[in-house]
Each structure stands twice: as structure tokens, then as C-alpha cells.
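**Q** Sharing a structure, written as C-alpha cells. Questions coming.
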Amino acid sequence: MTITSPTPAPSTPAARLTGWDSIEFWVGNARAMAGFLAGSFGFTITAYAGPETGVEGKASYLLEQGNIRLVVTAGLTPESEIWNHVRRHGDGAHDLAFLVDDATATYEAAIARGARPVDEPYELTDEHGVLRLSSVATYGETKHTFVDRRDYRGYYCPGFSRHGIPPRQAGPTVGLVDIDHVVGNVEEHRLDEWVSFYEDVMGFTQLRHFDESQISTEFSALRSTVVWNGSTIVMPLNEPAEGKHKSQIQEYIDTYRGPGVQHLAFRTDDVVQAIGSLRSRGVRFLEANDAYYEDLIDRLGFLDIPWDDIRRLGILVDHEPDGHLLQLFTEPVTDRPTVFIEIIERGGARGFGEGNFKALFESIEAEQARRGNL
Ligand code: FE2
């Protein structure tokens, strides 16, 4: 009797990721970036780490709003790896950190399944317990840190202190509650490879795919696949596609000098309040034109949403069979035109505003054409 076995599966099951832990930016001036995110986006600076707290060579600020945790970190010495990162990429999102039950098992599973190691499992200890961490590489110079908080009862991370942080900034409540999704731009023709990475290494599955026939204008095209952990971690991946002019994704890759995080989408339960507050705090958004709203009301006027506020605040609307979504995209938040932020309220729709991408960019291009700049 001959026993045949199917292609052997990786012997280690994919690690279980339980959710987002935090997202860390590496920047040139952490104090200024923290102040900007606090003042403009309504985050609260809740902890600081640096030489004063026993952390050498870098300064970090923890910012929180709802369940969202951002960390902005700058290097303090010329030889800092953070400065090398900033020199190549400008300010950017370097670490997309996930909560896990076991940082060592997760790391070993990821490595067994082909991940490139960045930080072998290590521990940080203080009087509040032990924080266990490890990390692996993803696209570009971005990494995923696995954070095991089971034996740590401190506030965030050893080395971070709640003392000496800047006073809370005044301003209207924004009301961002969660990380909805985090989008990465990857190299042309490598989208499928990165999708396989998230499937094979992280145990993610595909949620959606769009190609250039769905997300393109005459001038800018992209392909996109959304992978997720089946729960709260949702990560669309884009690659440039051929268009008449350079794809906006290729422009990002050229500007960031490689693949990286394109945008962070933060979910709110009240987009009218959120956008109203953000506008009053001085945040600048990509603006749709009147033609966008005329077309929108023709197509979606039946939706029971606050149309007057939506048009007044320039909020974008998309609709799918399972519901609608309301969203808006900021201008880039870094000096190089790379990373931007999306604000989204979901009314049942699980998509990402594909209808708006086309409509918004076409409306921008129509304006450009009217000015003779296209
Ligand atoms: Fe998005």
C-alpha cells in the first residue's frame, strides 16, 4: 500500500493575533509631531519615554484617543537607526504592533512560516511586571511587533512615564474610537506576494480585491487586496497599476523611497462631529467639488443621513448592498507627501470607499483640467 501525503503544511500553526496594540512613527522631531497630533487630531499625550525616564538615545511620546494608541519616536544621536530611517523615508509609520497571547510562540510561528526576523523575543521589566515582545519584518522597512501584556500591569511599557508630559491641549472633542484599517503601498507586481505573506505567515484571509478596472481614473490606477485576521486587524495592500500618468501609489513609493504605510483609518461613531472638530482644529482634507455632491445626491439621495452637514463639511459617502460609509481623507501629515489619515464612520458597509476613490480623484482631475493643469 502506498501512502501519499499532501503538500505538508507548515508544522507550526499560524499565530493568533488578538488586535492592534499600537502604531509607532519614526520622525525627525517627536515633540513637534506629538504636539501636532494632539492639537490637530485631538489625541491626548499620555506618556513619555526618554533619557529622563531611563531610555537612552531616543524620545517617545504615547498618544491616545478611544482605543487608538500611537507612539511617535525620534532619535537623539546622529548614529541612531531612527535617523537613518528618517533620512531615507522622511517621517513614517515604522511599527504596526499587534497584541498577542504569547510573543515567543507568535514569533516562532511567524519565523517557521517564512517571516524575516527583526527582534528575537525579549523582555522589558519594571516594578509593574514583565512586558514580552518580539518583531518580524513586513513590507519595506516596516515591522510588526508582537506584544504580550499578560504579565505587565504598568501603564504602557517600561521606560514610559506619565510624569512630565505636556498639558492636555484645548479644543473640541474629536471622538475617534478605533483603528479601522491600515493601508500599505507595496512594489509593482508584488501585491500577490505580500498577500501570501499575510495569509501564510500571519494566518490572515482575503476580505476583498479590487483591480484597476474598479479603482482607476484616466490618470492614476491601482490594484488592492484587503487582508484581515477575521476580526479587528484589517490591512488593505495596494500596488501601482499602469495608467496614463504615474499611479499615486508609484508616486508614494518614489517619495517614501520604498513600500510603506500609506494611510491610517480611524473609526468614529459620529463623523459629523469628528470632521467639524477636526476642521475647527485646522486639519486640511482632500476636498470634493460641487460636481461630486450633485452626482452623489442623484445616486444616493435616498440614504437617511444628514445631507446638509455632510455637504457643509465636505464628507464623502459610499454605498454598498450591506450599508453605507461616510469618510474623509486628510492631506499628508508628513513633510513628504506620503502618509495621510482617513476618518470613517460605518453605517453597515464593510468596504473602503472605492466609489469615492474614483469620484474624488476624478473631481480633482476635473478641477485640474479646468485650470489647464492636467
Ligand atoms: Fe482607507
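**Q** Around Y152, which amide H atoms from residues at least 5 apart in sequence, or from another chain, sit under 5 Å from its own amide H, with H modelled in the peptide plane?
**A** V130
**Q** Would you give the gap between the C-alpha center of the range 221-259 and the C-alpha center of the range 67-109, rounded to a whole Å?
**A** For the range 221-259 versus the range 67-109, the Cα centre distance is 20 Å.
**Q** Now for a separate question. Anything over 22 Å Cα to Cα? Flag those among K246/K358; K143/K358; K244/K358, in the order listed.
**A** Working: K246/K358 16 Å; K143/K358 30 Å; K244/K358 15 Å.
From K246/K358; K143/K358; K244/K358, over 22 Å: K143/K358.
**Q** Let me ask another. Please give the solvent-accessible surface of K246 in Å², to the nearest 10, using a probe radius of 1.4 Å with every protein chain present.
**A** 120
**Q** Another question about this same structure. Quick one: work out the % antiparallel among DSSP beta bridges in the chain, nearest 5. All intermediate terms of the calculation are to be shown ahead of the outcome.
**A** Numbers: 69 of 84 bridges.
Restricted to the chain, the bridges split so that about 80 percent are antiparallel.
**Q** Simple spin-label model, 7 Å along Cα-to-Cβ: R311 to R168 in nm?
**A** About 3.7 nm separates the two model spin labels.
**Q** Quick query: amide H of Q214 versus all other amide H atoms, modeled in the peptide plane; which residues come in under 5 Å with a sequence gap of 5 or more or a different chain?
**A** Amide H neighbours of Q214, under 5 Å, 5+ apart: none.
**Q** Would you kindly work out the equivalent ellipsoid of the chain from its C-alpha gyration tensor and give its semi-axes, the square roots of five times the eigenvalues, largest first in whole Å? Can you show the working numbers first?
**A** On the way: eigenvalues 224, 151, 79 Å².
Square roots of five times the eigenvalues give 33, 28, 20 Å.
**Q** Based on DSSP, what percent of beta bridges with both residues in the range 13-148 are antiparallel, to the nearest 5?
**A** On the way: 34 of 41 bridges.
So the antiparallel bridges amount to about 85 percent of the total.
**Q** Still on this structure, please answer the following. Give the peptides 73-79, 260-266, 146-152 in descending order of average Cβ contacts within 10 Å, highest first.
**A** Working: 73-79: 15.4, 260-266: 23.7, 146-152: 19.6.
Packing order, densest peptide first, comes out as 260-266, 146-152, 73-79.
**Q** Compute the Cα gyration tensor for the range 126-173, then decide on rounded, prolate or oblate, letting a ≥ b ≥ c be the square roots of its eigenvalues: rounded whenever a/c is under 1.5, prolate when a/b is larger than b/c in the other cases, and oblate in all that remain. Don't skip to the end; give the middle numbers.
**A** Details: a/c = 2.77, a/b = 1.29, b/c = 2.15.
Oblate, since a/c reaches 1.5 and b/c is not below a/b.
**Q** Let me ask something else about it. Apply the Karplus parameterisation 6.51 cos²θ - 1.76 cosθ + 1.60, with θ equal to phi minus 60°, to every residue of the range 14-21 and state each ³J(HN,Hα) to the nearest whole Hz, in sequence, with x for glycine and proline.
**A** For the range 14-21, the Karplus-derived couplings read 4, 5, 9, 9, 9, x, 6, 9 Hz, x marking Gly and Pro.
**Q** How would the range 60-109 be classified by its alpha-carbon gyration tensor: rounded, prolate or oblate, with rounded meaning a/c under 1.5 and the a/b versus b/c comparison settling the rest?
**A** Working: a/c = 2.57, a/b = 1.44, b/c = 1.79.
Note, shape of the range 60-109 comes out oblate.
**Q** Which whole-number percentage describes the relative contact order of the range 211-324, with Cα contacts under 8 Å and a sequence gap of 6 or more? Walk me through the numbers on the way to the answer.
**A** Working: 90 pairs, mean separation 17.6, N = 114.
Once divided by the residue count of the range 211-324, the mean separation gives 15 percent.
**Q** Counting only C-alpha contacts under 8 Å and six or more residues apart, can you give the relative contact order of the chain as a whole percent? Let's see the in-between values first.
**A** Working: 828 pairs, mean separation 56.6, N = 374.
After rounding, I find 15 percent.
**Q** Work out from phi, with θ = phi - 60° and the Karplus expression 6.51 cos²θ - 1.76 cosθ + 1.60, the ³J(HN,Hα) of each residue of the range 337-342, listed in order in whole Hz, and give x for Gly and Pro.
**A** Values, residue by residue: x, 10, 7, 9, 10, 10 Hz.
**Q** Whole-Hz Karplus ³J(HN,Hα) for the range 126-132, in order, using 6.51 cos²θ - 1.76 cosθ + 1.60 and θ = phi - 60°, x for Gly and Pro?
**A** So the J values, rounded to whole Hz, are 8, 5, 9, x, 10, 9, 9.
**Q** Still on this structure, I have one more. For a quick check: with amide H placed at 1.01 Å from N, whose amide H comes under 5 Å from I68's, ignoring anything fewer than 5 positions away on the same chain?
**A** Residues meeting the amide H criterion: none.
**Q** Sticking with this structure for a sec: When the helix-only estimate is applied to the chain (DSSP H runs of n ≥ 4, each -39,500 (n - 2.57), divided by the residue count), what is the mean residue ellipticity at 222 nm, nearest 500 deg cm²/dmol? It would help to have the intermediate numbers written out before the result.
**A** On the way: 9 runs with 95 residues, N = 374.
That comes out to -7500 deg cm²/dmol.
**Q** Among rounded, prolate and oblate, which fits the range 13-148 when a ≥ b ≥ c are the square roots of the eigenvalues of its C-alpha gyration tensor, a/c under 1.5 means rounded, and a/b larger than b/c means prolate? Provide the component values of the computation, followed by the final result.
**A** Working: a/c = 1.62, a/b = 1.43, b/c = 1.13.
Here the range 13-148 falls in the prolate category.
The values are calculated or read from the model by the stated rules, or taken from the named source; none is laboratory data. The model shown is predicted, which means the values in this text are computed figures rather than measured ones. Every residue, glycine as well, gets a Cβ built from its backbone with ideal geometry; the counts of neighbours run over all protein chains shown. Ligands, DNA and RNA are stripped out before the accessible areas are found, and what is left, the full protein with its side chains, is counted by its heavy atoms. Shrake-Rupley method; radii C 1.70, N 1.55, O 1.52, S 1.80 Å.
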